[in-house]
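Inspection log for the structure reproduced underneath, given as structure tokens.
The values are calculated or read from the model by the stated rules, or taken from the named source; none is laboratory data. Only a predicted model underlies this, so the values are computations on that prediction, with no experimental measurement involved. Note: ideal-geometry Cβ built from the backbone for every residue, glycine included; neighbour counts use all protein chains shown.
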Amino acid sequence: MEPVSTYQNFGQRFRSNLRARLAACFIGLAFFIAIFAYFLAPDHTPGANNQIPEIALQPPGFRVAILEVPLARFTEKNNWWQQLWNGQPNAFRSVPLADTKIRQQHDMLYFHRFENPSQESTLLLETGQAVPSIHTNYYALGTDKYGRCTLSRLLLGFRVSLFVGALAVLISLSIGLVAGALGGFFGGRVDALVLLVVNTVWSIPTLLLVFAIVLALGRGIGIVFLAVGLTMWVDVARMVRGQVLALRDLPFAEAAKSMGFSRMRILFVHLLPNLLGPVMVIAAGNFATAILLESGLSYLGFGVQPPAPSWGSMLNENYGYALGGKPFMALVPACTIALTVLAFNLVGNGLRDALDVKSAI
């Protein structure tokens, strides 16, 4: 029988955890949606901000015929790469129709608007202008109070939340690993200084500290992930410091010292690789925390600024309609936040169990 390596054993234990495996698949799908959101969303305009006030607050499954009137001033279309990240500017003005019956007489177009089906409306066609086309829009999750596609904004919200979470976790790991490793390995005054900074930051409520950073540096998506990352590094630093304190006196570390290796090499080449498991677990938990913080900031108006789509801002815009007979308006972003946070927590639990050697014996 061939011996099983540590990584193979870890993979087998993680795959045996059904909940963690399903959560990992959900997170993979979420990242796929975040990257290709503009191609997956029905509304390809930047920020999914194609506003059609006449069809505001429509329920899920709503269908309507749309008359697309070409805009006189339209810039050149974005290429594939530009559309991937910024979407495609709208080349048409959308006019919702009560029916698909339109008639043209000379340079006039006659039709019935959605908001006033009993009265015939007219549109003057300019010389050389093509006849506006008609197609049917399907809103799987309905529309918001501005007549925007809720599904499109929900899909683009994956990009905001996951990118903020990823960058915030990267910042927190970078600072926390270095600070905790230096404090735990060198001890003395270095450790005392690290503990002083950690305990000072730890004593300030997380949300209050995020508010202070945002108010000091300004609002915007770049400031959000910076603020969230600068508040989560203390968890990483405390964990890394404790692990390094336990590892630095073990025989393999003493052997490295006796071979004349520098202290920095011992720390970053021999000690820190042994912390990969605990770091992965805390990173998954911090990712969930970052998503909650970003959603909370956007809900309060301190996060991603409109019209950029964010689950928190969607909840802020629509929570009032939950009491007015339209609960889906608030439930859609709230459930998405809850599912995403739950998925990261389940993955973190799965990693913890898979890396627990005692439980595998």
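Residues in segment 150-168: is at least one assigned by TED's automatic domain parsing to the domain that holds residue 289 and free of Cβ contacts under 8 Å to residues at least 60 places away in the same chain? No, the conditions are met nowhere in segment 150-168.
Can you find a residue in segment 252-271 that is more than 23 Å from residue 164 (Cα to Cα), surrounded by 16 or more Cβ atoms within 10 Å (Cβ to Cβ), of a type outside the set (A, V, I, L, M, F, W, C) and without any contact (Cβ under 8 Å) to a residue 24 or more places away in the chain? Within segment 252-271, one or more residues are more than 23 Å from residue 164 (Cα to Cα), surrounded by 16 or more Cβ atoms within 10 Å (Cβ to Cβ), of a type outside the set (A, V, I, L, M, F, W, C) and without any contact (Cβ under 8 Å) to a residue 24 or more places away in the chain.
Within segment 53-94, the set of residues being among the β-branched types (Val, Ile, Thr) and in contact (Cβ under 8 Å) with a residue 40 or more places away in the chain comprises 55, 64, 66, 69. Contact map, segment 96-122: first residue closer than 19 Å to residue 62 by Cβ and touching a residue at least 40 places away in the same chain (Cβ under 8 Å), second residue outside any strand (DSSP E or B) and aromatic (Phe, Trp, Tyr), Cβ cut-off under 9 Å, separation 6 or more or different chains; pairs are 96/114. Does residue 274 qualify as being polar (S, T, N, Q) and within 20 Å of the chain's Cα centre (by Cα)? When the stated conditions are applied, residue 274 does not pass them. Would you point out the residue of segment 21-39, among those that are more than 23 Å from residue 281 (Cα to Cα) and assigned to a helix (DSSP H, G or I), that is farthest from the chain's Cα centre (by Cα)? Among them, the one singled out is 39.
Looking only at residues in segment 75-91 that are modelled with pLDDT of 80 or more and surrounded by fewer than 12 Cβ atoms within 10 Å (Cβ to Cβ), the one that is farthest from residue 156 (Cα to Cα) is 79. When residue 277 is tested against (1) in contact with a Leu (Cβ under 7 Å, 6 or more places away or on another chain); (2) farther than 16 Å from residue 185 by Cα; (3) crowded, with 18+ Cβ neighbours inside 10 Å, just one condition goes unmet, and that condition is (3). Taking residue 66 as the residue in question, decide whether it is closer than 28 Å to residue 166 by Cα, of a type in the set (Val, Ile, Thr) and at pLDDT 90 or above. Spelling it out, it is not the case that residue 66 is closer than 28 Å to residue 166 by Cα, of a type in the set (Val, Ile, Thr) and at pLDDT 90 or above.
Is at least one residue of segment 187-194 outside the structural domain of residue 321 (by TED's automatic domain parsing), in a loop (DSSP other than H, G, I, E, B), surrounded by fewer than 18 Cβ atoms within 10 Å (Cβ to Cβ) and not acidic (Asp, Glu)? No, every residue in segment 187-194 fails to be outside the structural domain of residue 321 (by TED's automatic domain parsing), in a loop (DSSP other than H, G, I, E, B), surrounded by fewer than 18 Cβ atoms within 10 Å (Cβ to Cβ) and not acidic (Asp, Glu).
You will find that of 176, 184, the residue that is buried (at least 17 other Cβ atoms within 10 Å of the Cβ) and modelled with pLDDT of 90 or more is 176 and no other. Being in contact with a His (Cβ under 6 Å, 6 or more places away or on another chain) and assigned by TED's automatic domain parsing to the domain that holds residue 179 holds for only one residue in 256, 246, 216, 237, and it is 256.
In segment 300-339, how many are in contact (Cβ under 8 Å) with a residue 12 or more places away in the chain, among the aliphatic types (A, V, I, L, M) and surrounded by 15 or more Cβ atoms within 10 Å (Cβ to Cβ)? Final tally of qualifying residues: 9.
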